[in-house]
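This report refers to the structure that appears directly beneath it.
None of the figures in this text is laboratory data; all of them are computed from the coordinates on show. This one's a predicted model, so the numbers in the text were calculated from it and none came from an experiment. Positions of Cβ are generated from backbone atoms using ideal geometry, with glycine treated the same way; all protein chains shown enter the neighbour counts.
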Amino acid sequence: MRQYRGSSGEERQAERRLQLITAALHVYGELGHSRASVRRICRQAALSERYFYESFANGEALLAAAFDYAAGIFIEQLQGLGQAPELRVVLTAYFDVMRRHPNFTRVFLLEAPAAGGPIYQRFYAVQERFSDILARLSRRPEDRMYLAGLAGGLSQIARHWTINGFAAPFEQVLESAERLCSPLKE
């Protein structure tokens, strides 16, 4: 295998793929998926379109990869809390990662669900994993319908906060989320 600056061809391809994903997260976060173009994403990544098509069949494939990357950040943050975290700790982690990564949040909460089809199915799967985390906090973890609704409600609070440019104070967001979650302990 031929090396270039100490990296194999496969390693360089993986690096370019990640460059494109992070560029897409930036562009989608700024413009939205529907207004983004392959050319703009490549320009943001400082790569030619040739490298785009080396890694992705089309823009939808890149959106899926960008969503998976963003969702991975959210899930990793929440799974790192352990088996029996307190509600406030979970909510703080959930909203804090959004505050720290606004472009990822826009892709995760706004762009992917709006895309429909297979990308929406990915979003739904992440919501189910979030419901699993909420189940650890509930006195009735078997009530999957309630937990799914709760995960959706928390996502709606997050969408509202995101759409409004994260203007609401963090503490206000947490208080709203805690009120929504109050039945967890009933």
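Here is a list: Tyr120, Tyr146. Which entry is within 20 Å of Thr162 (Cβ to Cβ) and of a type in the set (Phe, Trp, Tyr)?
Going through Tyr120, Tyr146 in turn, the sole match is Tyr120.
For the stretch 69-86, enumerate the residues that are within 12 Å of the chain's Cα centre (by Cα), surrounded by 17 or more Cβ atoms within 10 Å (Cβ to Cβ) and not aliphatic (A, V, I, L, M).
Tyr69, Phe74, Gln77
Provide a single number: the residues in the stretch 157-180 that are touching a residue at least 24 places away in the same chain (Cβ under 8 Å) and either of a type in the set (Lys, Arg) or more than 11 Å from Phe95 (Cα to Cα) (or both).
Total satisfying the criteria: 4.
Of the numbered conditions (1) within 30 Å of Ala151 (Cα to Cα); (2) surrounded by fewer than 19 Cβ atoms within 10 Å (Cβ to Cβ); (3) in contact with a Ser or Thr (Cβ under 9 Å, 6 or more places away or on another chain); (4) not charged (D, E, K, R), Val89 satisfies every one except a single condition; which is it?
Against the list (1) within 30 Å of Ala151 (Cα to Cα); (2) surrounded by fewer than 19 Cβ atoms within 10 Å (Cβ to Cβ); (3) in contact with a Ser or Thr (Cβ under 9 Å, 6 or more places away or on another chain); (4) not charged (D, E, K, R), Val89 comes up short only on (3).
Is it the case that some residue within the stretch 52-64 is within 12 Å of the chain's Cα centre (by Cα), hydrophobic (A, V, I, L, M, F, W, C) and in a helix (DSSP H, G or I)?
The answer is yes, given that some residue of the stretch 52-64 is within 12 Å of the chain's Cα centre (by Cα), hydrophobic (A, V, I, L, M, F, W, C) and in a helix (DSSP H, G or I).
Which ones in the stretch 121-146 are in a helix (DSSP H, G or I) and more than 19 Å from the chain's Cα centre (by Cα)?
Selection gives Ala135, Arg144, Met145, Tyr146.
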